[in-house]
Structure formats: C-alpha cells, structure tokens
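Have a look at the structure below before the remarks.
Every number in this text was worked out from the coordinates using simple rules, so none of it is lab data. In this text the structure is predicted, and so the values were computed from the model without any measurement. Quick reminder, even Gly has a Cβ in these numbers, built from the backbone with ideal geometry, and neighbours come from all protein chains shown.
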Amino acid sequence: MNASAETWHLGNQAVQVTLLKKIYWPQTGFTKGDLLTYYRQIAPVLLPYLKERPVTLRMYPQGVEGTSYYLRDCPADAPGWLRQVTYQPKTVNHPVPLPLIDTAAGLLWFANQGAIEFHLWGSRTPDLTQPGLAIFDLDAGSTASFVAIREAALRLHDALEHAGVRGYPKISGGGGLHIFVPLASGSKFERVRGWVKGVGNELASNYPNLIAPASGATHKGGHVTVDYAQNSLGRNTATPYTLRANPDHPTVSTPLTWEELDIGSIHPATLTPQVVLERVSRTGDLFAPVLRADQRIDGL
C-alpha cells in the first residue's frame with residue numbers, strides 16, 4: 001500500500017485516499033492531501049448545492065500543471081454506493097450515467113480520483129428539463145479588470161432589484177462573477193435563457209462602455225459580457241465552494257454579499273481555501289437563500 005494512503009470514514013462509507021503528499025500546486029506546495037482535507041471540511045455547506053443535480057468534474061490527476069479533462073459520465077469503476085441518474089444526450093444514441101454526489105464520501109471519492117473542480121447542472125432530478133436556477137455568468141474581456149466585473153455586477157443588481165428579483169453573487173473562482181437567481185419549479189431552459197439574454201442586452205445598451213452583448217467568445221476585448229448560454233440543458237457552472245485550478249494557487253468559487261461587492265473589499269485571488277473555511281466559520285453560508293427555490297418571474 002502507498003505510504004501516504006489512508007482510509008477515511010465518512011458517514012456510512014469508508015473511502016481510501018491516496019498519494020496525499022503529491023504536489024498539486026507546485027508554486028505553493030499545496031498537496032492532494034490539502035485538497036482532500038479542504039473538501040472534507042467544506043462538505044457540509046457544499047453538498048446541499050449538489051443535491052439531486054448531475055455534476056461535471058474537471059480532473060487533474062497530476063495536479064494543475066498536468067493534463068486535465070472533463071468527466072461527465074460516471075466511471076465504470078465507481079463504487080456501487082455512488083448514486084447515478086440516466087440521461088439521454090442528443091449527441092449520442094445511447095443513455096449515459098451521470099454522477100449524483102450527495103455525500104461527503106462521494107465528494108471525496110471523486111476528489112481522490114483527481115477532481116479539483118465540481119460543476120453543477122442548473123436542473124435537478126427527476127426532471128432535468130426544468131431549471132431551478134437562472135445564472136448570469138459575468139466574464140471579463142482580455143483587457144477588462146475585476147473592477148469592471150464588479151461594476152457590471154452592481155448594475156445587474158440594480159436591474160434585478162428594480163424588477164423585484166433576488167439574485168445572489170459569488171466569485172467564479174477565476175476572474176469573473178456568477179449571479180444565481182433561484183427559481184420555483186415549472187420554468188423551461190429556453191425561456192430562462194431568453195430572459196437572461198434580454199437582461200444582459202439591456203445592460204449592454206444602458207452601459208455601452210462597460211458591458212457588451214454576448215456574442216461568440218466571451219473573454220475578448222475590454223468589456224464585460226453576460227454569458228446567457230449557461231442556462232441550457234446539460235451546461236454546468238462552478239459549484240459554490242468548489243476549488244478552481246488556477247495555476248498560481250488554489251482559489252475558491254466563493255459566495256459574497258452585495259455589500260462586499262459595493263465596497264470593493266474582495267478580490268478573487270485572496271479567496272484561498274483556508275480563507276474561505278475561516279470565512280464560512282465566521283459568517284455561515286451566505287448563499288443559503290439560493291437553496292430555497294421559491295421565486296417566480298413573469299414570463300418564465
């Protein structure tokens with residue numbers, strides 16, 4: 001057995017974790033064991049966002065400087081206790097098993113396989129065609145700063161408040177921001193996508209020096225764009241509290257308050273795993289209202 005292997009007892013399951021001393025972030029010395037420890041500690045607040053939602057994982061089995069790939073189907077060697085849901089994509093002629101991660105054991109099993117990032121679908125079982133979220137994905141152009149992203153998010157907040165809609169911001173973990181709008185059941189992806197696109201286009205019209213309509217690649221130029229395509233069946237967005245595989249050091253997709261964005265006291269690069277764990281211990285889960293999908297929006 002590998003000298004750095006251990007068995008962790010998580011709920012009713014035992015999960016073997018291996019290669020704990022393997023360096024995943026060479027620039028900081030952050031190890032696979034550090035990654036697994038973070039996910040074990042953050043699991044109570046992260047897991048509710050994955051409940052009944054298929055998950056797409058970004059795998060880095062050799063760390064952030066190695067080859068990465070997206071894992072969408074549940075692996076054939078997954079343990080029998082790990083839940084799955086069958087889904088029929090339009091792109092293949094056979095159903096595929098999608099992972100459902102609803103326990104710390106499931107979270108840690110995938111993390112031990114090399115999953116650094118966990119990305120959720122916008123819909124839940126049993127009906128994956130009904131989104132429970134509208135997602136505004138604010139992307140910075142290649143020459144835009146986080147200051148511009150923050151300003152665009154505040155303008156979006158004004159627009160949502162004016163419409164009587166509650167939205168909740170989080171750092172994407174990269175250079176952008178996600179605003180999640182929880183929805184009551186009964187919506188359809190096409191209508192939600194059209195609504196998000198319409199709000200984004202209106203913002204671009206009102207603030208043309210700051211925001212541009214989303215068209216093609218969203219990380220070009222000096223403007224902020226609102227990527228409405230995230231609101232599509234099968235698309236996925238970084239889960240709250242997931243680590244992100246930034247090359248310098250691990251960052252976290254972290255929920256914020258609108259007040260923090262307004263003050264400008266938060267920058268993505270400062271939201272390291274330890275900072276986020278301390279933050280959650282101090283403030284609790286700022287994103288918890290997203291879990292109560294009780295919001296109906298006219299036309300959706």
Most packed first (mean Cβ within 10 Å per residue), the peptides 264-272, 252-260 order as 252-260, 264-272
Over every pair of different alpha-carbon atoms in the chain, take the mean of 1/r and invert it; report that Kirkwood radius in Å.
-> 19.8 Å
Multiply the residue separation of Tyr69 and Thr18 by 0.36 nm, subtract the distance between their alpha-carbon atoms, and state the gained length in nm to one decimal.
-> 16.4 nm
In region 1-93, which chymotrypsin sites (Phe, Trp or Tyr not before Pro) fall in coil by DSSP and have 15 or fewer other Cβ atoms within 10 Å?
-> Trp81
So how strong a dipole does the chain carry about its Cα centre when Lys and Arg Cβ are +1 and Asp and Glu Cβ are -1, to the nearest 20 debye?
-> 480 debye
Pairing the Cα long axis of helix 104-113 with the longest principal axis of the chain, what angle in degrees results, from 0 to 90 and rounded to the nearest 10?
-> 80 degrees
Ranked from highest to lowest mean number of other Cβ atoms within 10 Å per residue, what is the order of the peptides 54-64, 9-19, 93-103?
-> 54-64, 93-103, 9-19
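In terms of the ratio Rg/(2.2 N^0.38 Å) built on C-alpha atoms, what value belongs to region 213-282? Intermediate results must be reported in sequence, preceding the final value.
Values: Rg = 14.5 Å, N = 70, 2.2 N^0.38 = 11.1 Å.
Normalised by 2.2 N^0.38 Å, the Cα Rg of region 213-282 equals 1.31.
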Surrounding net charge for Asp34, when Lys and Arg each add one and Asp and Glu each subtract one, Cβ distance under 12 Å | +4
Angle, helix 273-283 long axis vs. longest principal axis of the chain, Cα atoms, 0 to 90°, nearest 10?
-> 70 degrees
Within region 46-128, DSSP-loop GluC sites (Glu not before Pro) with at most 16 other C-beta atoms within 10 Å are Glu52, Glu65
Could you state the angle between the C-alpha long axis of helix 189-206 and the longest principal axis of the C-alpha atoms of the chain, as a value from 0 to 90 degrees rounded to the nearest 10?
-> 50 degrees
Can you grab the distance from the C-alpha centre of region 163-193 to the C-alpha centre of region 233-300, Å, no decimals?
-> 12 Å
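Give me Rg over Rh for region 83-178, both radii from the alpha carbons and Rh done the Kirkwood way, two decimal places.
Numbers: Rg = 17.4 Å, Rh = 16.5 Å.
Taking Rg over the Kirkwood Rh, I get 1.06.
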Return, for the Cα atoms of region 8-67, the radius of gyration and Dmax in Å, separated by a comma.
-> 13.2, 36
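Please work out whether region 3-160 counts as rounded, prolate or oblate from its C-alpha gyration tensor, where a ≥ b ≥ c are the square roots of the eigenvalues and a/c under 1.5 means rounded, while otherwise a/b larger than b/c means prolate and anything else oblate? Spell out each step's value before the answer.
Working: a/c = 1.81, a/b = 1.19, b/c = 1.51.
Since a/c reaches 1.5 but b/c is at least a/b, the shape of region 3-160 is classed as oblate.
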About its Cα centre, region 231-298 carries a charge dipole, from +1 on Lys and Arg Cβ atoms and -1 on Asp and Glu Cβ atoms, whose size in debye to the nearest 20 is 260 debye
